[in-house]
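The values are calculated or read from the model by the stated rules, or taken from the named source; none is laboratory data. Quantities reported herein were computed from a predicted structural model and do not represent experimental measurements. Cβ sites come from the backbone with ideal geometry, for glycine too, and all protein chains shown count toward neighbours. Accessible surface areas use protein heavy atoms only, side chains included; no ligands, DNA or RNA. Shrake-Rupley method; radii C 1.70, N 1.55, O 1.52, S 1.80 Å.
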Amino acid sequence: MIRSELIQKVADENPHLYQRDVEKIVNTIFDEITGALSSGDRVELRGFGAFSVKQRDARIGRNPRTGEAVEVDEKHVPFFKAGKLLRDRLNGKA
């Protein structure tokens, strides 16, 4: 599902809301999650999962084409851990 499909589904399920308002709500939620992660916070959505940021240390990698050593800088990457309810639903237990 892409963002526009999510917006359309929420708008269809809530006919009392204008589509532009639903779009603003969805964008605000994503912006808040992104902002929290960029400031180093953890975002937990009960029953769904938790978003956090993990740090990957600098290392020496290999260029797969040439095989030469390449220096890879330290970086921060988003990490998602599914909640128990989501895992159970995916495995047909709920």
Could you grab me the full set of residues in the stretch 23-43 that are touching a strand residue (DSSP E or B) at 6+ places or on another chain (Cβ under 8 Å), open to solvent by less than 90 Å² (accessible area, probe 1.4 Å) and free of Cβ contacts under 8 Å to residues at least 40 places away in the same chain? ILE33, ALA36, GLY40, VAL43
Would you be able to say whether some residue in the stretch 85-94 is loosely packed, with under 12 Cβ neighbours inside 10 Å and modelled with pLDDT of 95 or more? no
Considering every residue within the stretch 57-72, establish whether at least one is open to solvent by less than 100 Å² (accessible area, probe 1.4 Å), in contact with an Asp or Glu (Cβ under 6 Å, 6 or more places away or on another chain) and not basic (Lys, Arg). yes
